[in-house]
Structure formats: C-alpha cells, structure tokens
Amino acid sequence: MAISHPPRSHEQWMRSAIAEAVKAESKAEVPIGCVIVRDGRIIARGHNLRETSQDPTGHAELIAIRKAARKLGSWRLLDTALYVTLEPCTMCMGAIILARIPTVVFGCLDPKGGAAGSLYDLSDDARLNHRVELVPRVLESECSSLLRSFFAELRSRKRIAAAH
C-alpha cells in the first residue's frame, strides 16, 4: 500500500535527506543523502560512503535500507517512505523493490543512471512482484545544486593538479 504524504511533509523529509548529502560532501563523497520515514518519524539515515569504504554498494539508499531493516527487525520495510536526493540507480531500485518499500520520493533526476524514470523505470514493471509509488523532483533545485557544485569543484581541483 502506497503512503501519501502532503507536499510540505515531502519537503521536510527531503531537507533531512539533503542534510545527509551535506555529510557525504564533507567526507569528499558524492553528496547524496537518504532518510527512511515510518509513522511520521525518521527510522534510518544514510549518505554515500563509496569512497570512504571502497565499497561499490556504499550508496545512501542501501545504507539507510540496511539500518531500517535492523531497526524494524525485518527485511520488509512496509509502510515506509524513502527520501533520496538523487533518483535511485538500478541497484538501489532493486533493493527498494526487494525491501517492499511502497514510496520513493527523490530530488533530482539522474539521466545517466536513474532507474525511477530517467534511464529505466523499475518502479512499475509488471514482471516484478512489487510496485513503487514515485514522487519525483521534490526540492529538485537544491538537490541538483549540491551535485553540480560538488562536481564543478572536483573538476577545478583536477585542472589545478594537472597544471602542476
């Protein structure tokens, strides 16, 4: 069953996901953050840790999903909503589907790797046993601005390093 939240609620939770993205950025990680909400409160948080952990599965969503499953004592994350600053990739959408998360709210689209409508849409594939309600583009400009500035800074540092 998909959970509907009023738009203000979506923005409130997305701001918490943005705060997680800022934590990732402070660790020189791609600034992507995620929170999982149940019964009007955050039950799990995550931010990208791929570089820190040298783990290709260190995505914000997977970290938050693991924490939520531990907290609830179940891999079925029914009656939850996942908020993430960037459209989930195929790996993360696969985990979302397997965890039975009914609602995914995301900030900005990922035309190079998004699996919630941009490149692929796994949320409503009739061949899979679970459907996911998508709420895209919540606080999109804030989320995309974080990513744009991070990658602009990264490119600038690489240019400076190459010049020396």
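The values are calculated or read from the model by the stated rules, or taken from the named source; none is laboratory data. Here the structure is a predicted model, which is why all the values come from computation and not from measurement. For neighbour counting, all protein chains shown are included, and Cβ atoms are generated from backbone atoms with ideal geometry for every residue, glycine included. Only protein heavy atoms, including side chains, enter the accessible area calculation; ligands, DNA and RNA are left aside. Shrake-Rupley method; radii C 1.70, N 1.55, O 1.52, S 1.80 Å.
Spin-label pair L78-H164: with each label point 7 Å from Cα along the Cα-Cβ axis, the two points sit 5.7 nm from one another. For the chain, the per residue solvent-accessible surface stands at 53 Å², with DNA, RNA and ligands left out and a 1.4 Å probe. Considering all C-alpha pairs of the stretch 12-93, those separated by over 23 Å amount to 13%.
Could you compute the longest span of the chain free of trypsin sites (Lys or Arg not before Pro) located in DSSP loops and having at most 11 other Cβ atoms within 10 Å, not counting the site residues? My reading of the result: 1-111 is the longest stretch.
Applying a threshold of 22 Å to the alpha-carbon distances of K27/K67; K71/K112; K23/K112 flags K71/K112; K23/K112 as lying beyond it. Mean residue ellipticity, 222 nm, helices only, the chain: the sum of -39500 (n - 2.57) across DSSP H runs of n ≥ 4, divided by residue count and rounded to 500, is -14000 deg cm²/dmol. With semi-axes defined as the square roots of five times the eigenvalues of the C-alpha gyration tensor, the equivalent ellipsoid of the chain measures 27, 16, 16 Å, largest first. The share of accessible area on the stretch 60-125 that comes from carbon and sulfur is 55 percent, using a 1.4 angstrom probe. The length gained by stretching the chain between F151 and D125 to full extension, at 0.36 nm per residue less their Cα-Cα distance, is 6.1 nm. Kyte-Doolittle cut-off -0.5, length cut-off 20 Å along the helix's own axis using Cα: show which whole DSSP H helices in the chain pass. Result, helices passing both filters: 140-163. Antiparallel beta bridges, as assigned by DSSP with both residues in the chain, represent about 60 percent of the total such bridges.
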